[in-house]
Amino acid sequence: MPRRPQLAELMRRMEPRSVAIICSASETTRSNDTEYRYRQDSDFYYLTGCYEPEAIAVVAPGAEQDKYTLFVRPRDAEREAWEGRRAGVEGAVAKYGADAAFDIKEFKEKLGEIINGARNVYYRLGTHAELDRLLARQIGLMRLRSRLFRAPEAITDPGVLLHEMRLVKSEAEIAIMQQAANIAAEAHTEAMRQVRPGMFEYEIEALIEYVFRRRGASAPAYTTIIGGGANATVLHYVANAAQLRDGDLLLIDAGAEYQGYASDITRTFPVIGRFTTAQREVYEVVLETQLACVEMVKPGVTMEDLNQRATTMLTAGMVRLGLLAGDVEKLIEEKTYKKFYMHTIGHFLGMDVHDVGSYQTGDGQSRPLAAGIILTIEPGLYIAADAESVPDQYRGIGIRIEDDVLVTAGGHQVLTSKVPKEIEEIEKLMAR
Ligand code: GLY
Ligand code: MN
Ligand code: MN
């Protein structure tokens, strides 16, 4: 079986005389003896394509024979009758392309052999306490028996290599993310079509997630946010329990996870399908900012450039609306705008909704975008219902507009353009 390109690339990037130990996610208790639905660790899945718990990948590019070893749960007819099929040790070779595979129970005794002579061990300390201890103890033992063993000199975070790889998406990854975006776009559009005053936020949540699953998404990529009226001013509102009223706006922030990759879309629209004058005024400030920032996206532009543009446009809008008074530059300098815009313009998107990859270059500068990076552009304005010295008509309005944008060699491509966001488009769709 040919090596997964991600694995081959990691081997190329690893230091000579090093070995990487990458661990699957553990299962997580929900309550008593029930567990949350399993979600594989993104790094592990990226590298191996294996979605089983209790698995460890060992990558040793300098090894003569087994450069890629998997430790997995062995086949077990009784356990499999309860929990489902396992690849097992044989499957780890046949299905996942490992050069060698062992029962996970053998990892402990093989650890010395695995790290012996490696100058550097790539291992992510701080996520698996038990494995952290095991590794530390093994290194201690090896130092005591330094005539027999050569203990590693360094432990480095494999994220430094893997996260830079994950940040820049391949053609295959872009195709999957386009599909994740299409599914979420369909769900948002369907919510616009179906919402009516009197419905509850959770009915819209159910509708959104029904579309996700019907179209093959494994789950929402994060907890779905359905905020009617002033609930939209709470950034991470996930109770989704209130009734939707005539005259309210509805903010939906929902994205699908498809084949391990996330989409992340926000739309805000009136429950009855027509914006009031006040809603329209606030919406236009956010929309103009969103369109301007999306337009800027191309290789070389930094997150800081995008943040500056967004902050300037939103703060100027706040002054125009009478939410703030004074000089725009000063309001920015003193961060007064944060009363109504308290996050940043967006984030990298990939296997994780807030994806990995550094926002800074080595010398601490804001990182210039490059082709293959996917990011969100998501400005918003949030005017709390009890905000002081704010014109009455704007109180309780929360608006965010969020799209997923691929940086291309020549500029950008919006992956989520199928969901309406212009006022006329939204009103036209909802009038039907
Ligand atoms: N849904 C989380 C975010 O937009 O960043
Ligand atoms: Mn986002
Ligand atoms: Mn979002």
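Distance from the Cα centroid of region 316-380 to that of region 157-219 is 22 Å (rounded to whole angstrom). Ranked from largest, the principal axis spans of the Cα set of region 275-364 equal 42, 31, 21 Å.
Structure remark: mean-square fluctuation, Gaussian network model of the chain, C-alpha springs under 10 Å; the largest value among Leu111, Leu321, Leu144 belongs to Leu144. Residue separation of Lys95 and Glu130 scaled by 0.36 nm, minus their Cα-Cα distance, works out to 9.8 nm of gained length.
Binning the C-alpha pair distances of region 20-88 at 5 Å intervals from 0 yields a P(r) profile of 3, 15, 21, 22, 18, 11, 5, 3, 1, 0 %, listed from the shortest bin outward. Highest GNM mean-square fluctuation among Thr408, Thr361, Thr312, for the chain modelled with Cα contacts below 10 Å: Thr361.
Distance from a point 7 Å along Cα→Cβ of Thr312 to each backbone N in region 267-302: keep the residues under 12 Å and list them by number. Under 12 Å, as judged by backbone N against the label point of Thr312, lie 293 of region 267-302.
Legend: distances between Cα atoms for Lys338/Lys418; Lys67/Lys298; Lys95/Lys298; Lys105/Lys169; Lys298/Lys418; Lys67/Lys108; pairs beyond 27 Å are Lys338/Lys418; Lys67/Lys298; Lys95/Lys298; Lys105/Lys169. Estimated from the Cβ-Cβ distance and a Förster radius of 25 angstrom, the FRET efficiency linking Val414 and Glu171 is about 0.90.
Please work out whether region 364-432 counts as rounded, prolate or oblate from its C-alpha gyration tensor, where a ≥ b ≥ c are the square roots of the eigenvalues and a/c under 1.5 means rounded, while otherwise a/b larger than b/c means prolate and anything else oblate? Oblate is the answer for region 364-432, as a/c is 1.5 or above yet b/c matches or exceeds a/b.
In the chain, Cα pairs under 8 Å separated by at least six residues give a relative contact order of 14 percent.
Return P(r) of region 303-418 (all Cα-Cα pairs; 10 Å bins starting at 0; whole %; ordered from short to long distances). Spelled out per bin, shortest first, that is 13, 38, 30, 18, 2. Cut-off 10 angstrom, C-alpha nodes, Gaussian network model of the chain. Which of Glu80, Glu54, Glu378 fluctuates the most? It is Glu80. Rg and Dmax over the alpha-carbon atoms of the chain stand at 24.9, 80 Å. Think of it as helices only: each DSSP H run of n ≥ 4 in the chain is worth -39500 (n - 2.57), and spread over all residues that comes to -11000 deg cm²/dmol at 222 nm. Straight Cα distances below 16 angstrom link Lys428 to the aspartates and glutamates Glu190, with same-chain residues fewer than 8 positions distant left out.
Figure the gain on full extension for Ser218 and Lys338 (residue separation times 0.36 nm, minus the Cα-Cα span) and round it to one decimal in nm.
Values: separation 120, 0.36 × 120 = 43.20 nm, distance 3.55 nm.
That pair, Ser218 and Lys338, stretches by 39.7 nm at full extension.
Remark: the Asp327-Asp363 segment gains 9.7 nm on full extension, using 0.36 nm per residue and subtracting the alpha carbon distance. Starting from one equal scatterer on each C-alpha and no solvent at all, send me the Debye-based log10 I(q)/I(0) for region 66-189 at q = 0.11, 0.13, 0.16 Å⁻¹, two decimals. So the normalised log intensities work out to -0.61, -0.80, -1.03.
Quick one, could you list the DSSP H helices from the chain stretching 30 Å or more along their long axis (Cα atoms) with average Kyte-Doolittle hydropathy of -1.0 or above? Can you show the working numbers first?
Values: long enough: 171-194 (34 Å, -0.20).
Taking the DSSP H segments of the chain (at least 30 Å long, mean hydropathy at least -1.0), we get 171-194.
I need the shape label for region 63-116. Rule: rounded when a/c is under 1.5, else prolate if a/b > b/c, else oblate, with a, b, c from the alpha carbon gyration tensor. Show your work: numbers first, answer last.
On the way: a/c = 4.30, a/b = 1.72, b/c = 2.50.
Since a/c reaches 1.5 but b/c is at least a/b, the shape of region 63-116 is classed as oblate.
Decide, for region 206-360, between rounded, prolate and oblate: order the square roots of the alpha carbon gyration tensor eigenvalues as a ≥ b ≥ c, take rounded if a/c falls under 1.5, and otherwise choose prolate if a/b is larger than b/c, else oblate.
Details: a/c = 2.21, a/b = 1.20, b/c = 1.84.
Verdict is oblate for region 206-360.
When the Cα convex hull of region 1-137 is projected onto planes of every orientation, the mean area is 8.8 nm².
Which FRET efficiency value, to the nearest 0.05, is calculated for Leu148 and Glu35 with the Förster distance at 35 angstrom and r the Cβ-Cβ distance? Computed FRET efficiency for Leu148 and Glu35 comes out at 0.25. Note that region 128-186 shows a convex hull volume over its alpha carbon atoms of 124 Å³ per residue.
Evaluating 6.51 cos²θ - 1.76 cosθ + 1.60 at θ = phi - 60° for every residue in region 57-70, the Karplus couplings come out as 9, 10, 10, 9, x, x, 5, 6, 9, 8, 7, 9, 10, 10 Hz, glycine and proline recorded as x.
Any read-out appearing in this document is the output of simple, stated calculations on the displayed coordinates, not a laboratory observation. Computed from a predicted model, the values in this text were never measured in an experiment. Counting neighbours? That spans all protein chains shown, and the Cβs are built from the backbone with ideal geometry, glycine included.
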